[in-house]
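Structure record follows, encoded as structure tokens.
The values are calculated or read from the model by the stated rules, or taken from the named source; none is laboratory data. Every value quoted in this text rests on a predicted model; they were computed, and no experiment measured them. Glycine also receives a Cβ, built like all others from the backbone with ideal geometry; neighbour counts cover every protein chain displayed.
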Amino acid sequence: MRHVFLILLFFFFASVSYPSKASLMTFSFTGIIDEVSNNNQSYWNEQTLEGMTVEGTFTLDTTDPIGGRLETGWYWWWVNDNAPPVLTSHISFGGTSYSLNNEGTYNAEYDQYSPDEFISMTNGPDFDGGPVGDGEHFTDRAGFTEDTTDGVRSSSWELDAWFVDYVRDFLQFPEQSTSAVEIPPDFEQVFTWEDDDLSDNTERLGRGSLSYYESLYSEENGFTTLYNSSVNFNLTRFEATRVTAPATLLMLLITTSIIFIRRTKTQA
């Protein structure tokens, strides 16, 4: 029983000491494909994919510093081009799943990051008499480069999704201090956004795309574009939820306690 007590004590202090503020935010979305584009070889089939449902997520790590710029009183944006990546993403449609896990964003030779992520937020619903809307925008990228017998093959992925709502006022910007340091908006705001009428863009609108580019370089032929394709879709739902660790700790605590109690009873 002493082992059980020590395990319980460990997880108690772990759960208490864990910060109440979420470290990860999940932005899940659904949509309907309305266009498939293939500028070179066909990577995706237009006839079979149009009209299908897409499901995906962006996961934002809020523990890492977020830079960015408050462009106006209602628009904040950030291009993360040299800091550690804060996004991972996933999308599935047509029975196939695609995950972007920061491949190719770190150069070990120069110890440099180049994630090329984009994050933005607008805080409407209007500004100075014109429509602005509440909305968020995420862009995640990943890339691969490999040497083949035909040359150097490079490929890149980009997942992009954004929405805007001209009616609801559910996103808030923080009050800026008098110092020169701008305070980024709180991306831990929990909400659900839905668009049940894709034919009307006057009140709300959301779009997304998954793009794939692949090229081949050889000394004989130079650069050749093999694929330049994208799947575009209308967003029907966008939801922000917190991913908290205490729930995970609780499940681990229960499971561990059951195992040790069973072992103790068996030994007795």
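Residues that are buried (at least 18 other Cβ atoms within 10 Å of the Cβ) and under 20 Å from residue 188 (Cβ atoms) do occur in region 95-117, at least one of them. Would you kindly identify the strands (runs of 3 or more DSSP E) lying entirely within region 33-139 that contain at least 1 residues that are of a type outside the set (Lys, Arg) and modelled with pLDDT under 95? Once the strands (runs of 3 or more DSSP E) in region 33-139 are filtered for at least 1 residues that are of a type outside the set (Lys, Arg) and modelled with pLDDT under 95, what remains is 53-61, 75-80, 117-122.
For the residues 238, 260, 191, 233, the requirement of being at pLDDT below 50 and surrounded by 14 or more Cβ atoms within 10 Å (Cβ to Cβ) singles out 260.
Note on region 146-169: residues that are exposed (fewer than 13 other Cβ atoms within 10 Å of the Cβ) and modelled with pLDDT of 95 or more total 0. Find all pairs meeting these conditions: Cβ atoms under 9 angstrom apart; at least six residues apart or on different chains; first residue within region 146-157 and part of a strand (DSSP E or B); second residue modelled with pLDDT under 95 and exposed (fewer than 10 other Cβ atoms within 10 Å of the Cβ). Taking only residues 6 or more apart or on different chains, the pairs are 151/219; 151/220; 152/146; 153/146; 153/147; 154/146; 155/146.
Taking the criterion of being without any contact (Cβ under 8 Å) to a residue 60 or more places away in the chain and either surrounded by 13 or more Cβ atoms within 10 Å (Cβ to Cβ) or among the aliphatic types (A, V, I, L, M) (or both), the residues of region 208-225 that qualify are 209, 211, 213, 224. Scan region 194-206 and tell me whether some residue there is touching a residue at least 40 places away in the same chain (Cβ under 8 Å) and polar (S, T, N, Q). No, that holds for no residue. Looking only at region 37-89, residues that are in contact with a Ser or Thr (Cβ under 7 Å, 6 or more places away or on another chain), farther than 21 Å from residue 206 by Cα and of a type in the set (Val, Ile, Thr) come to 2 in all. Looking at the structure I just gave you, is residue 210 aliphatic (A, V, I, L, M) and either outside the structural domain of residue 230 (by TED's automatic domain parsing) or within 30 Å of residue 69 (Cβ to Cβ) (or both)? Against the criterion (aliphatic (A, V, I, L, M) and either outside the structural domain of residue 230 (by TED's automatic domain parsing) or within 30 Å of residue 69 (Cβ to Cβ) (or both)), residue 210 qualifies. When region 194-212 is limited to residues that are among the hydroxyl-bearing types (Ser, Thr, Tyr) and part of a loop (DSSP other than H, G, I, E, B), the one that is farthest from residue 225 (Cα to Cα) turns out to be 202. For region 99-111, state whether one or more residues are more than 17 Å from the chain's Cα centre (by Cα), more than 27 Å from residue 166 (Cβ to Cβ) and of a type in the set (A, V, I, L, M, F, W, C). Taking every residue of region 99-111 in turn, at least one turns out to be more than 17 Å from the chain's Cα centre (by Cα), more than 27 Å from residue 166 (Cβ to Cβ) and of a type in the set (A, V, I, L, M, F, W, C). Considering every residue within region 141-149, establish whether at least one is assigned by TED's automatic domain parsing to the domain that holds residue 97 and either under 22 Å from residue 68 (Cβ atoms) or touching a helix residue (DSSP H, G or I) at 6+ places or on another chain (Cβ under 9 Å) (or both). Yes: one or more hits.
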